Amino acid sequence: MNASRFSRIIGKCPRKLICDLGHPIMGKYEMQVLRNPATTLVMVQMRETVAGARFYLGELLASEAMVQLAGSKGFALLAGDDLDRVLCDAALDALRRSGLPEWEPVHQALSEAEQQIEGAAQQEMRRHAASRVQFNTLDTDE
C-alpha cells in the first residue's frame, strides 16, 4: 500500500478502528516517540478557480506525531486535536514501512474499511444525484 492511499484511508477511517489496530502494535513492539503528539496550526492553501491564484484560506487545528518502530519511522498529521489517534496513526505508518508480519492483518482491515468508505461515498452521491437539477437555456435570435 503506497503512502498516498494509506493516508487517504487513515484520514477517513473511524477513530475506533484506528485505535483498535494501533494500540496492540504499540504494546507488542518497543516504539520510540520521536515527536510527542501535539496540536499545531496548519495554514490551508487554496487556488482561486478563475485566475488560478493561490491564497491562504485560514488556519486549521491539527495534531501531529512521529514515532520509530522496528527501525522504521512513522508520521501522522490529522485535522483536529485527537492526540491518541494521531499516535496510533503514526504507529500504523511505521508498521506499514517496516514490513513486519503484523502489517498483513492491518492491511486487510484497512482495505476492507476502504471498500466500506467508497461504498458509503457512492451511496451518498446517488442520493444527491436524485435531486440534481438540469438548467438549460434557450437562445433565440430576435
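Every number here is computed from the coordinates shown, using simple stated rules; none is lab data. Bear in mind the structure is a predicted one, so any value in this text is a computation, not a measurement. Here the Cβ is made from the backbone with ideal geometry for all residues, glycine too, and neighbour counts use every protein chain on show.
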- prompt: What is the calculated FRET efficiency for residue 122 to residue 84, with r their C-beta to C-beta distance and R₀ = 35 Å, to the nearest 0.05?
  reply: 0.70
message: How charged is the neighbourhood of residue 126? Take every other residue with its Cβ under 14 Å from the Cβ of residue 126, and add Lys/Arg as +1 and Asp/Glu as -1.
response: 0
task: Sorted from largest down, give the three principal axis spans of the alpha carbons of the range 3-115, whole angstrom values.
output: 51, 32, 24
query: Counting each DSSP H run of 4 or more residues in the chain as -39500 (n - 2.57), what helix-only mean residue ellipticity at 222 nm follows after dividing by all residues, to the nearest 500 deg cm²/dmol?
result: -16000 deg cm²/dmol
- request: Find the centroid of the Cα atoms in the range 30-53 and in the range 76-142, then give the distance between the two in whole Å.
  value: 18 Å
message: Out of the trypsin sites (Lys or Arg not before Pro) in the range 86-139, which ones are loop residues according to DSSP with at most 11 other C-beta atoms within 10 Å?
response: 132
message: Sequence gap at least 6, Cα distance under 8 Å: using those rules, report the relative contact order of the chain to the nearest whole percent.
response: 22 percent
query: Which angle between 0 and 90 degrees, to the nearest 10, do you get for helix 83-98 versus the longest principal axis of the chain when only C-alpha atoms count?
result: 80 degrees
task: Rank these for me by crowding, 13, 19, going from fewest to most other beta carbons within 10 Å.
output: 19, 13
query: Once both labels are modelled 7 Å past Cα along the beta-carbon direction, what's the residue 44-residue 77 spacing in nm?
result: 1.5 nm
Derived scalar couplings ³J(HN,Hα) [the range 121-136; Karplus, 6.51 cos²θ - 1.76 cosθ + 1.60; whole Hz; x for Gly, Pro]: 5, 5, 5, 5, 5, 5, 5, 6, 5, 5, 9, 5, 10, 9, 9, 10
